[in-house]
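Each value in this text was obtained by applying a stated rule to the coordinates, not by laboratory testing. Given the structure is predicted, the values throughout are model-derived calculations rather than measurements.
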Amino acid sequence: SDETAGTVPSTHQGLLTNRPRQGFPGHLFGQFIWDRAGSDRFLVLRRRFSCHRPPERALLHIAAAHKYRLFVNGESVGRGPCRSVHNGWTRYDTHDITARLRAGLNGIAVLAFYHGGPTYFSCQPFGGVFVQAELFDGDTCRVVASDETWRVRRPERYRRDTRIMNHYSAIPAEFVEADKDAGDWIQADFDDSEWENAAVRLAGPVYDSQ
């Protein structure tokens, strides 16, 4: 069912403005999530939420092990992340999604890719996605964050049996079967009620990409 973003304390003004010293974000509501099977290769993660009106400003912070493509209301917003090269932390990217949101139903969708083990993209030893969207309106900030309420599914159109095309970085080839899985899961009104709920995964601290 459609869900409304949660309201956080008025003291919260976002990860980028509330950071203590040394760059560590002090207001993390999102969690690293994946499917319960711990799948490798491709996974789709989705969350729907409602807005009474478009926010004055909206920022979305995202990190993934190991790669992601981000969609908001059916439109591609970006891909990443920047490389994370230390076992103790993971960097996140920030996207301005203000122009993408609207009154009524909205949807965030992530196509994530996990290589099957740590790489130079991320030292996380398992697949995971972190999302924290912050919707600012006057003195309030509402947060849509990744947790076990998100829906996940392995997309049919992305093959999982492809060979490694670069043995130095252990990157498998990407093969898409266009006649399968139309990809309409990027739309806000897509019905994901039969998808499974996400599983929360433990991960290292999250830092920004600045």
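In order along segment 37-50, the phi-based Karplus estimate (6.51 cos²θ - 1.76 cosθ + 1.60, θ = phi - 60°) of 3J(HN,Hα) comes to 7, x, 4, 9, 6, 8, 8, 9, 10, 9, 8, 9, 7, 10 Hz; Gly and Pro are listed as x.
Proximity of backbone amide H atoms, modeled 1.01 Å from N, is registered between A199 and W34, D35, R36 at under 5 Å, excluding neighbours fewer than 5 places apart on the same chain.
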